[in-house]
1. Once amide H atoms are built 1.01 Å from N in the peptide plane, which residues 5 or more positions from residue 285, or in another chain, come under 5 Å H to H?
2. Mind listing the phi-derived Karplus ³J(HN,Hα) values for segment 22-30, rounded to whole Hz, using 6.51, -1.76 and 1.60 with θ = phi - 60°, and x for any glycine or proline?
3. Where does each of 75-81, 306-312 land if you order them by average Cβ count within 10 Å, highest first?
4. DSSP loop trypsin sites (Lys or Arg not before Pro) in segment 115-200 with at most 15 other Cβ atoms within 10 Å of their Cβ, which ones?
5. Please sort by residue number the GluC sites (Glu not before Pro) in segment 255-299 whose DSSP state is loop and whose Cβ has at most 16 other Cβ atoms within 10 Å.
6. Calculate one ³J(HN,Hα) per residue across segment 291-298 by plugging θ = phi - 60° into the Karplus curve 6.51 cos²θ - 1.76 cosθ + 1.60, and present them in order as whole Hz with x for glycine and proline.
7. What is segment 312-381 by shape, rounded, prolate or oblate, if you read a ≥ b ≥ c off the alpha carbon gyration tensor as root eigenvalues and call it rounded for a/c under 1.5, prolate for a/b larger than b/c, and oblate otherwise?
8. If we count other beta carbons within 10 Å of each Cβ, what is the order of 144, 328, fewest first?
Amino acid sequence: MEPEAMPRPAALIDRQGLQALIDALADEGYRVLGPMRRDDAIVYDDLAGIDELPAGWTERQEAGRYRLERRDDAALFGYAVGPHSWKRFLHPPVETLWTAHRDEHGLTFRAPEPAEERFAFLGVRACELHAIAIQDRVFLDGPYVDAGYAARRREAFIVAVNCGEAGGTCFCVSMQTGPRAEAGFDLALTELLDAERHDFLVEVGSAAGAALLERLPHRPAGEADREAAATVVARTASRMGRRLETDGLKALLQDNPEHPRWDDVAERCLTCGNCTMACPTCFCTTVEDHSDLSGTSAERVRQWDSCFTLDFSYLHAGSVRQTPRGRYRQWMTHKLASWIDQFGTSGCVGCGRCITWCPVGIDITEEAAAIRATAPDWRDD
Ligand code: SF4
Ligand code: SF4
């Protein structure tokens, strides 16, 4: 791929500038979250400074395999995506929906106040920006807005990072979701690292981003800097670990519910739900009601759930999707086909997490290709 020009206003900051960015966000009252190395993985958590970033680390990802490795440079963002996604903050795994309390005056229901917390995400990749946009559609569009998500999302400040490394299971290029951050950020960084320098090209994506950049020590970016940044992204795009052919994919899956490949994958699938937990767009939940033994208080708690569990589709006479075949088919067909009917886009952004974190290495791109190769007939949309 030819390097593309980067047309947005751009500036350069160095490592101290990046620390100043974190400090400025913290000064403005944001809870700054970013990547760090923990438990042999790169995860997202509270970030106080650049010393906590995984400097000099990268990862090797394959189906069912994730290993950290040392790089031969000191890149701060020299890896793709790990097991965490930003949904764990915007759409938390456990959330109280309401509480109820009974006293001598009767029964009182209360919805929790929206959290005051303002998140600043540092290191959001292009595919993750698309995943956030997909969850925005789910939680914010339509007649039923999720108040907690809306409050967290409205306040979030997003610092994207253009990918300098493609993961072994990434396929954002074929989903047209990366590796360059195009929209949905306040600032976007491209790490420029060679023997001469360690800088970050900063692109501005919002008025809030422009105002923050003014507070940082920075210098103007020249044409050579923009070209260097474009080359980083183009190199990453040329090194995608995987590809998903999307032409006619919706019709292919929806027209082949009885394809024998569903039996094949069902023999391997453990229905563990790891793919749905790691996926940055999966949003399904269940609710649990808890009450105390005295009967004076109760709460309803929402938790992430997975379409791979039997309980998820349990109706009065049992589970709708009894078999692993039915559950895997439901997940993949929803992700890549009926999601388009519901929300207007694919439910997959090509991050590769479901492939890497599947304990038996089931690969959504491989499954789609296998169905395409042997489907008796299918047509384009
Ligand atoms: S596809 Fe893999 S990760 Fe997903 S439920 Fe099956 S075994 Fe678990
Ligand atoms: S389906 Fe897999 S590759 Fe697609 S967004 Fe979800 S985790 Fe990423």
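1. It is 305, by chain and number.
2. 4, 5, 5, 5, 5, 4, 7, x, 7
3. Values: 75-81: 24.1, 306-312: 17.6.
Put in order of decreasing packing, that is 75-81, 306-312.
4. Values: sites: 118, 125, 137, 152, 153, 154, 180, 197; in loops: 118, 125, 180, 197.
Sites meeting the loop and neighbour criteria: 197.
5. The qualifying sites are 258.
6. Values, residue by residue: 9, 7, 5, 7, x, 9, 9, 8 Hz.
7. Numbers: a/c = 1.44, a/b = 1.25, b/c = 1.15.
It is rounded, given that a/c, with a ≥ b ≥ c, falls under 1.5.
8. Working: 144 8, 328 24.
Exposure proxy ranking, most exposed first: 144, 328.
Taken together, the values in this text are just the output of simple stated rules run on the coordinates, not laboratory data. Fair warning: this is a prediction, and the values are worked out from it, not measured in the lab. Neighbour counts run over all protein chains shown; Cβ positions are idealised from the backbone, glycine included.
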